[in-house]
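Everything below concerns the one structure shown next.
Just so it is clear, none of the values below were taken in a lab; they were calculated from the coordinates. Note that the structure is a prediction, hence the values are computed from the model and not measured. Cβ placement follows ideal geometry from the backbone for every residue including glycine, while neighbour counts extend to all protein chains displayed.
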Amino acid sequence: MPEKIYNARFELADEETVRAYQLERLRELLLHTWSTNQFYRRRFREAGVGPDEIEQLQSLEEFAACIPGVAKPDFIRDQEENPPFGLRHVHALRQERPLFVCTTSGTSGQGQEVHMQTEAEMALTGETYSYALTWAGLQPGDQMFLTLPITMLGGGVIEYHAALHFGLTVHCVGNYDAERKMALTRRFKPQVILANTSYMGRLGSMIHPDERFEGLRCLITGAEGAGIAYLERLQETWHVPVYDRYGSTQAGNDHLFVCDQGVGTVARPGMMHNVDPWVLLEVRDPETGQHVADGEEGEFVVTSLYHFDTPLIRCRIGDWGTYHAPAYCACGRPFMGIEAGSIHRRDDMRKIKGVVVWPKAVNDAVFALAEVEEYQVSLTSGNDGADVATIRVMLSERTIPPDPDAFGKGLNNMLRERIGIRFEVELFQPGELDVGDWKASRWLDNRLQSTGR
Ligand SMILES: [Zn+2]
């Protein structure tokens, strides 16, 4: 039985009950969307779906088979045809109530999406988050250090409102530099620090090995694919458990969270549970359209079950991960999920010297070494036009290798074996490699044929 329960109605239910509840909410959502949202209505109509078909939906598989997917290009086209918010937001804009407007970061180079949610929806975003904060052992009145700055991005504003909804005291330290954040942490002694994963590592690099943080109970990481080795390292640095999270600007929320069982180990990773009562997550093989089986990798297709004013229905997010049925996790919750440390973006793939390279594989290989604090990969073109891959590694203050040259050679061999290409290795002393403040930009592609991504 789960230890820390936020909502017994769902967390102690069986899987069928949760699935039936999702189907019931889906029918309501689709009917409401049909009558209020021109953007989706047009898409449903093109797929031959109307109120009669919606009423007759008998299973989640039927829903997936008849309702078309939506993705970034559809949102961009809608915004361009009906600037600045698109047809899909007309219903929310007419309500004369406050709206929470977010943009995507636009890192994929195809334009920046606009998404929003209403006040009522934001309250339910807080409900979704409340599961995670409970699983992390937090209680109303606890103090959170929110290290994300408040900007037009979803990350920051969403966590701020969700934490307030749960009842946390939120310290907005996002706009200060790392030194000031650490000084404030030592002064106010929060119970939880929430940061993007690599930024938690950056803050951690400023901790003396003997230092302990009185009152700190956990860290909440996420917003970046990071392997278990990196998360384990954060736990060792900070001496508290790490709870990883995943969400998207499109969903307007985080909805995958590690439960009270934790992130697990490299040998047996834990699981991030999807908060099934509020969000329907499909994990599909894009080639066949089939839902993948337990332990298989697939693409995320997300439907929010509570955004009725600003719906998100079958959105292909572009993220991939390893699916698990609820039984994978020992906690007994009936919520399906994704293996901790398995999430990555499909468009992250690089072709270097003709070899397909996944940044996540490099990440997992490099961060498995205690000597590495942070790293950066630079791709350039040699005089002959061939690709040159250089990895700049910043050593950790805690584990300086006695013979750096030998360490560099070992790293070079290990990468050639595991990744399949040769990297030039450059070593940096602690603090000497400039690492960005927010989402880690570990890959610099300046090759002649590069698209600049
Ligand atoms: Zn669990």
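Once a ≥ b ≥ c are taken as the square roots of the eigenvalues of the Cα gyration tensor of the range 282-335, is the result rounded (a/c under 1.5), prolate (a/b larger than b/c) or oblate (a/b not larger than b/c)?
Because a/c hits 1.5 or more and a/b fails to exceed b/c, the range 282-335 counts as oblate.
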Legend entry - Largest-first ellipsoid semi-axes for the chain, taking √(5λ) over the Cα gyration tensor eigenvalues, angstrom: 37, 27, 21
Legend entry - Selection of GluC sites (Glu not before Pro), the range 229-332, meeting DSSP coil and at most 10 other Cβ within 10 Å: Glu287
Inset, instruction - Residues in the range 249-275, backbone N under 20 Å from the label point at Gln95 (7 Å along the Cα-to-beta-carbon vector): list them, ranges by number please. - result: 249-255
Inset, instruction - Please list 59-66, 158-165 highest first by mean number of surrounding beta-carbon atoms within 10 Å per residue. - result: 158-165, 59-66
Legend entry - Counting DSSP beta bridges with both ends in the chain, the antiparallel % (nearest 5): 65 percent
Inset, instruction - Just subtract the alpha-carbon distance of Thr288 and Glu397 from 0.36 nm times their residue separation and send over the number in nm, one decimal. - result: 34.4 nm
Inset, instruction - Read phi for every residue in the range 323-328 and hand back ³J(HN,Hα) as whole Hz from Karplus 6.51 cos²θ - 1.76 cosθ + 1.60, θ = phi - 60°, with x for Gly and Pro. - result: 6, 9, 5, x, 5, 4
Legend entry - Residue list for the range 40-72, given a label point 7 angstrom along the Cα-to-Cβ vector of Leu87 and an amide N cut-off under 20 Å: 40-52, 54, 67-72
Inset, instruction - Any chance you could check the Cα centroid distance between the range 54-111 and the range 274-329 for me, in angstrom? - result: 17 Å
Inset, instruction - Mind giving me the FRET efficiency for Asn412 and Leu448? R0 is 25 Å, r the Cβ-Cβ distance, nearest 0.05 is fine. - result: 0.55
Inset, instruction - List the residues whose amide H sits under 5 Å from the amide H of Val258, counting only those 5 or more places along or on another chain, with H placed 1.01 Å from N in the peptide plane. - result: Asp244, His273
Inset, instruction - Measure off 7 Å from each Cα along the Cα-to-Cβ vector at Met349 and Ala123, then give the distance between these two points in nanometres to one decimal. - result: 4.5 nm
Legend entry - Extension gain, Arg268 back to Glu236 (0.36 nm per residue minus Cα-Cα distance, nm): 9.8 nm
Legend entry - Contact order normalised by residue count of the range 330-453, Cα under 8 Å, 6+ apart, percent: 25 percent
Legend entry - Selection of trypsin sites (Lys or Arg not before Pro), the range 73-169, meeting DSSP coil and at most 16 other Cβ within 10 Å: Arg94
Inset, instruction - For a label point 7 Å from the Cα of Glu179 along Cα→C-beta, name the residues of the range 189-212 whose backbone N is under 15 Å from it. - result: 203, 206-207
Legend entry - Mean ellipticity per residue at 222 nm, deg cm²/dmol - from DSSP H runs of n ≥ 4 across the chain, formula -39500 (n - 2.57): -9500 deg cm²/dmol
Inset, instruction - Determine the percent antiparallel among the DSSP beta bridges restricted to the range 158-294, to the nearest 5. - result: 55 percent
Inset, instruction - At 0.36 nm per residue, minus the direct Cα-Cα distance, what do Leu12 and Asp210 gain on full extension? Give it in nm, one decimal, please. - result: 67.2 nm
Inset, instruction - Label the range 314-453 by shape, choosing from rounded, prolate and oblate, from the square roots a ≥ b ≥ c of the eigenvalues of the Cα gyration tensor; if a/c is under 1.5 it is rounded, and otherwise prolate applies when a/b is larger than b/c, oblate when it is not. - result: oblate
Inset, instruction - Place the peptides 17-27, 216-226 in order of packing, highest mean first, counting for every residue the other Cβ atoms within 10 Å and averaging per peptide. - result: 216-226, 17-27
Inset, instruction - Return a whole-number percent for the relative contact order of the chain, with Cα pairs under 8 Å and 6 or more residues apart as the contact set. - result: 13 percent
Inset, instruction - Once you've got the Cα coordinates, tell me which of Lys72/Lys360; Lys353/Lys409; Lys181/Lys409; Lys189/Lys360; Lys72/Lys351 are over 26 Å apart. - result: Lys181/Lys409; Lys189/Lys360
Legend entry - Shape category assigned to the range 154-280 from the gyration tensor of Cα positions, a/c cut at 1.5: oblate
Legend entry - Efficiency of FRET between Ala327 and Ser59 - r from beta-carbon atoms, R0 22 angstrom, step 0.05: 0.60
Inset, instruction - Measure out, as a whole number of angstrom, how far apart the alpha-carbon centroids of the range 165-229 and the range 373-420 sit. - result: 28 Å
